[in-house]
Amino acid sequence: MYAKITRLGLPLLPHQLEQVWSVEAKIEFEASRHATVVDFDIPDKLGQFVRLDEYFISRGYGLNVGIRDHDRRAEWSTRQARGAQRLYYRLEAVPQSEDDPGEQSRHLPAPPNTPTYEEPLASAIQDVLGDVRDESANVFTFVSQTLVKLNAQAPNDNVMIIRNNLERGSEAWVDRLIYVLAGANITARRVRGVILEDRAANQHLTPWLEVHNGTRWEGFDPQTGNRGYPENFLRWSVSDEPLLRAEGGRNVNVSFSVSRYAKSPTMVARARGVANDTFLASTMLYNLPVNSQNVYRILLMVPFGALVVAFMRTIVGLPTLGTFMPILVAIAFRETELAWGIALFVLITASGLSLRFYLERLQLLLVPRLCSVLVLVVLVMTIISLVSAKLGIDKGFSIALFPIVILTMVIERMSVIWEESGPGQALKEGLGSLSVAILGYLVMKNEHLTHLVFLFPESLLILLAMFILMGRYTGYRLLEVARFKDIVEAPSSDAKPHP
Amino acid sequence: MLSRIRKLKAAGVVGINNRNRGYIMPHNPRALYARVDDKVETKRLAIAAGIAVPELYGLIHAVREAKDFERMVEGRKDFVIKPAHGSGGKGILVITDRRRDMYIKGDGHALTAAEVQHHIENVLGGVYSLGGQPDQAIIEYRVKFDRVFEAVSYRGVPDIRVLVYRGVPAMAMLRLPTRSSDGRANLHQGAVGAGIDMLTGATTLAVCKNRRIVEHPDFGTPLGGLEIPGWPALLLLAARCHELAPLGYLGVDMVLDAELGPLILELNARPGLGIQIANGRGLRGVLNHIDAAAPLPTDAAARVAVMRAYYEGLSDPPVDL
């Protein structure tokens with residue numbers, strides 16, 4: 001259960017919403033009547049984000065998605081295309097719920113070969129790296145220092161040579177940095193990502209620098225040398241390959257737009273589970289068909305109704321007609337709603353009871369008599385439905401869900417108690433059952449509980465523990481405290497000793 | 001509320017949950033329930049052990065035999081029909097007299113043979129039995145109760161309930177039918193329960209519908225100080241019932257017949273706790289005493305002595321006496 005909350009981000013309360021980012025890449029190009037193949041780099045691992053879903057929108061194109069050289073790419077192809085073409089790729093992502101331990105690359109990337117720089121670049125790089133080497137402790141601080149130096153406001157000659165008038169923040173700049181770092185045998189790579197910002201249109205990918213220190217990759221801002229990634233940085237591509245290749249197209253352009261919307265977190269969690277392909281996700285009831293889901297929504301709540309019954313009987317000591325009858329009536333109340341449910345219950349029991357008393361005069365045997373009452377109960381229910389339909393009250397229809405057999409037994413038992421112990425006792429037990437049913441209904445209808453138990457069916461184990469505890473309870477029932485009152489608190493005026 | 005719970009605890013009052021888990025579950029093996037739940041079986045065991053029970057006139061097993069009841073009661077003015085597996089006095093029909101072809105019930109109502117037959121059919125159908133399973137109907141001798149109880153019982157038969165714990169009589173009460181209990185001697189149906197001094201056999205306090213009373217609700221006669229004749233014999237009889245059905249927590253219902261003396265009416269594997277109210281004391285004290293005296297003697301008289309030792313050792317008389 002804990003894992004479900006932390007790993008899948010399942011919400012503890014219903015109606016919570018989670019923010020989902022939607023990133024759309026729009027590819028535009030002019031087609032030249034020939035066969036066209038568009039090869040587009042699509043994200044695989046998203047860094048701080050998890051992919052929920054992705055959509056490819058491309059009319060008239062064949063689509064092929066695959067991984068090539070550790071790089072996930074989509075390939076659209078068509079035999080003939082003419083004029084302006086547009087292809088869309090949409091990605092939905094949510095923040096990773098737990099901090100990702102980082103990309104644990106199993107294969108250590110090979111350290112780069114030290115390039116042979118040309119003069120004067122060679123000595124400039126030598127000088128810069130030499131300066132930094134004295135001031136840094138490990139790979140990451142080394143990279144950081146180098147970047148600070150290369151991005152200095154007042155660059156010295158060495159830095160000027162290295163900069164080579166490259167626009168800082170461009171892909172070329174990042175490539176340059178990688179080239180320089182290779183001089184110190186540092187493995188670095190260029191990644192591209194989208195900085196998520198709501199309602200941002202025509203965005204382009206931001207290049208970023210990633211450095212490997214022998215165990216993991218770490219991001220560095222190529223312009224400041226700061227460690228880490230920008231906030232809401234969705235890593236799109238880690239490849240040296242071009243983002244987009246279009247054979248048979250001209251004026252190729254790709255732009256990104258970002259929007260954010262709220263989605264039910266259970267859906268998000270579900271998708272997150274599927275995306276991570278965890279065992280946890282497969283244990284979720286959402287994997288069932290919707291029909292069965294609804295059945296389980298009710299079924300899983302039955303133990304809570306039983307909890308009410310157990311509590312009322314063993315702790316409070318309220319008598320009920322039959323152990324599970326209140327639960328079944330409570331389930332019926334779910335359909336009819338409370339006020340109607342109570343009215344219908346009273347109506348059916350009352351009419352059933354009076355018919356039962358009439359049947360008593362016919363002196364029937366037990367089972368046929370029960371069946372006769374059953375017939376009468378069904379007839380009464382039919383009549384109620386018909387009458388309420390005439391009156392335009394649709395609540396009357398849901399009466400059909402009343403557990404008729406149970407009601408019949410209730411009527412029989414009430415009538416026996418009526419004869420044996422008088423109407424008072426019969427009404428007392430009838431009302432006891434009804435109030436337990438009402439309580440049970442209120443508990444079983446509780447949205448929070450339903451939500452919780454549906455997402456975490458294992459929480460029923462807590463209930464099991466409660467039942468076991470209750471089974472070991474040997475204290476007084478609350479009503480017994482009143483019953484035994486006179487043992488300890490007999491009014492002395494009443495209980496005078498006999499003469 | 002809490003202070004009352006504390007007081008009840010201090011008084012050693014046993015609650016239902018405690019009774020079930022602390023006494024019935026460990027001491028009453030399920031297999032033995034059949035001996036007490038089936039009154040025919042109880043009767044058979046009692047006769048075999050030489051314990052007096054009301055004479056069995058007849059047993060009806062099936063609906064088609066129901067009309068035979070007239071043959072069974074032929075020549076008898078009065079009799080009782082009860083379910084073999086009944087509980088709490090349910091389904092007991094007492095016929096006190098016959099006039100022409102009518103049967104007169106305890107409350108004076110006249111029933112036709114067909115109505116009596118219908119009652120038997122209900123019994124057979126399981127209306128009154130535990131769990132509703134098909135049942136048998138017992139037709140037996142109607143107890144003519146001892147005249148000592150005449151002034152304190154309304155119609156039905158007063159009986160003596162002794163709670164026998166591990167073979168030792170622990171507590172007892174006299175159960176007196178009232179108008180509201182419809183002549184039945186079950187406390188939860190409104191009968192009066194009068195606590196009995198275990199040493200002397202005299203009634204002490206009384207309870208009706210869980211409340212302490214001093215007078216019979218129907219007659220206004222005082223309920224305390226009533227001497228039960230032959231008390232030591234009754235105690236011994238109750239203790240011997242443990243041998244019929246070795247249930248650790250057993251309710252023994254006895255009647256004093258005017259002619260036949262003490263008779264065992266039935267045994268009960270789940271005796272209620274109202275006996276505590278009738279006696280104005282909790283059960284825990286005596287039950288603990290009996291537990292402490294284990295292993296208990298096999299001789300019934302010696303077991304009664306265990307009980308006497310407890311009550312003689314009590315310095316305080318029952319509450320309010």
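Please treat every number below as a calculation from the coordinates, not as lab data. For clarity, every value in this text was computed on a predicted model and none was experimentally measured. Neighbour counts run over all protein chains shown; Cβ positions are idealised from the backbone, glycine included.
Considering region B:45-86, its Cα convex hull presents a mean projected area of 3.9 nm². Here the contact order of region A:170-246, divided by its residue count and restricted to Cα pairs under 8 Å and six or more residues apart, works out to 30 percent.
Across region B:34-52, the residues whose backbone nitrogen lies under 15 Å from the label position 7 Å along the beta-carbon direction of B:HIS61 are B:40-41. Multiplying the residue separation of B:ALA292 and B:GLU70 by 0.36 nm and removing their Cα-Cα distance gives an extension gain of 74.6 nm.
What the Kirkwood sum gives for region A:412-494 is a hydrodynamic radius of 16.7 Å, with every pair of different alpha carbons counted.
Helix content alone sets the calculated 222 nm mean residue ellipticity of chain A: runs of n ≥ 4 DSSP H residues at -39500 (n - 2.57) each, divided across all residues, give -14500 deg cm²/dmol. The modelled label-to-label distance between A:ASP127 and A:ARG168, using points 7 Å beyond Cα along the C-beta direction, is 1.8 nm. Place a point 7 Å from the Cα of A:ASN113 along the Cα-to-Cβ direction; which residues of region A:182-216 have their backbone N under 15 Å from it? Only A:182-183, A:185 pass the distance filter. Using 0.36 nm per residue and subtracting the Cα-Cα separation, the extra length available between A:ASP53 and A:ARG216 on full extension is 56.0 nm. With a Förster radius of 51 Å applied to the C-beta separation of A:LEU362 and A:ASN294, the computed FRET efficiency comes to 0.75. Derived from the Cα gyration tensor, the three semi-axes of the equivalent ellipsoid of the protein assembly as shown are 89, 34, 20 Å, largest first. Relative contact order, whole percent, for chain B stands at 19, derived from Cα pairs under 8 Å and 6 or more residues apart. Normalising the Debye intensity of region B:165-230 to I(0), with uniform scatterers on Cα atoms only, and taking log10 at q = 0.15, 0.16, 0.23, 0.27 Å⁻¹ returns -0.45, -0.51, -0.94, -1.15. Applying 1/(1 + (r/R0)^6) with r as the Cβ-Cβ distance of A:ALA262 and A:LEU347 and R0 = 35 angstrom yields a FRET efficiency of 0.20. With both labels modelled 7 Å from their Cα along Cα-to-Cβ, the B:ARG6 to A:ASP71 distance reads 8.1 nm.
Annotation: extensible slack from A:PHE140 through A:GLU447 equals 105.4 nm (criterion: 0.36 nm per residue apart, minus Cα-Cα distance).
Taking other C-beta atoms within 10 angstrom as a stand-in for reagent exposure, A:ASP486, B:ASP257 fall in the order B:ASP257, A:ASP486, fewest first. Mean projection of the Cα convex hull over all viewing directions, computed for region B:188-321: 8.6 nm².
Put a dot 7 Å past the Cα of A:MET160, heading toward its Cβ, do the same for A:SER459, and the two dots end up 6.9 nm apart. In chain A, Cα pairs under 8 Å separated by at least six residues give a relative contact order of 18 percent.
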